[in-house]
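Structure in structure tokens, see below.
Here, each number is a calculation from the coordinates, and none is a lab measurement. On a predicted model such as this, the values are computed, not experimentally measured, just so you know. Here the Cβ positions follow ideal geometry from the backbone for every residue, glycine too, while neighbour counts run over all protein chains shown.
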Ligand code: PDD
């Protein structure tokens, strides 16, 4: 199975924490950090390949937008942050991995109003990632629909992920891989990924907004679809139409593109990875190669 490897026993993981690099196991955040008390914070997950970050600029710009939406200021410039992230990737000696970054409003006496003059808490660490399925390979995902019980500002990459966590666990405990949020009968996104349906050669994906995160993988895919001349419609499909798709796939920074084999017990297409999904995934990996090949490792 692809995803983040379990490194819970690793003792040498490093974290960048408020400007210093230290072993992750030694970093401490106070019990009254607002991230911990109120989920008052935002986060990012960035993939790196062969030790080089992919779409780092896009991720950091989204971080800045998420922070801005909750009236939080980044305590460091994006350029400086990008440099520090590249340095930590290099120090980690991990080739294939991801950076988890979290920014919270910081620590102060627990109270709902924003505290004055509090220093935001910022940290990030690197962790290995198991390779995603190669294009057209793997066993395909099984996904189930769940009612969308989240708030209406899902375009913010907020650390308040309890509805996502509950949905994901509902799917996993029933033997599936992902849960798809359905809002007013229409398909939005999954608990930790965006979703795409292909019908008659057209890719459909719900517009980003109240119920859909502007995924960076999604952004890259839109660029690829345009380049390949494949129609891409930002339109939320009713669930019944989505289930009758020729191909369905889900995307995230760590999983890239995963084809969907089964949705609510129904087989999608002929139960194999479809040709357009495969073509898009191949083009995605070319995009990765182009970008990381042009970056000089830190
Ligand atoms: N999640 N939608 C949701 C709700 C997500 O949590 C994610 C990613 C995505 C895909 O976004 P991107 O392509 O930028 O990774 C869509 C990350 C990987 C996570 O929470 O671990």
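How would you order 192-199, 162-169 from highest to lowest mean count of nearby Cβ atoms within 10 Å?
Peptide ranking by packing, descending: 192-199, 162-169.
Given R₀ = 30 Å, FRET efficiency for residue 272-residue 169 by Cβ-Cβ distance, to 0.05?
0.60
Would you compute, from DSSP H runs of 4+ residues alone, the mean residue ellipticity of the chain at 222 nm, taking -39500 (n - 2.57) per run and dividing by the full residue count, rounded to the nearest 500?
Value at 222 nm, helices only: -8500 deg cm²/dmol.
Where in the range 132-150 does the label zone of residue 100 land, with the point 7 angstrom along Cα→C-beta and an amide N cut-off under 19 Å?
It comes to 132, nothing else.
As a footprinting exposure proxy, order 122, 228, 285 by other Cβ within 10 Å, with the fewest listed first.
228, 285, 122
Among 107, 26, 262, which one shows the highest mean-square fluctuation when the chain is modelled as a Gaussian network with alpha-carbon springs under 10 Å?
26
Let me ask something additional. Quick check: from the Cα gyration tensor, does the range 110-181 come out rounded (a/c under 1.5), prolate or oblate?
Oblate is the answer for the range 110-181, as a/c is 1.5 or above yet b/c matches or exceeds a/b.
Another question, if that's okay. Taking N as the number of residues in the chain, what is its alpha-carbon radius of gyration divided by 2.2 N^0.38 Å?
It is 1.01.
Restricting attention to the alpha-carbon atoms of the range 14-128, what are Rg (one decimal) and Dmax (integer), both in Å?
14.1, 44
Springs between alpha-carbon pairs under 10 angstrom, Gaussian network model over the chain: which of 40, 177, 270 fluctuates most?
For the chain, modelled as a Gaussian network with Cα springs under 10 Å, the answer is 270.
Compute the separation of the alpha-carbon centres of the range 122-186 and the range 226-298 and state it in Å as a whole number.
15
Using a 10 Å cut-off around each Cβ, can you sort 59, 183, 80 from fewest to most neighbouring Cβ atoms?
By the 10 Å Cβ count, ascending: 80, 183, 59.
To check you understand DSSP bridge types, tell me what percent of the beta bridges within the range 141-289 (both residues inside) are antiparallel, rounded to 5.
65
Please check: in the Gaussian network model of the chain (C-alpha springs, under 10 Å), which one of 133, 151, 259 has the largest mean-square fluctuation.
The residue that fluctuates most here is 151.
By count of other Cβ within 10 Å, fewest leading, how are 208, 220 ordered?
With the fewest neighbours first, 208, 220 line up as 208, 220.
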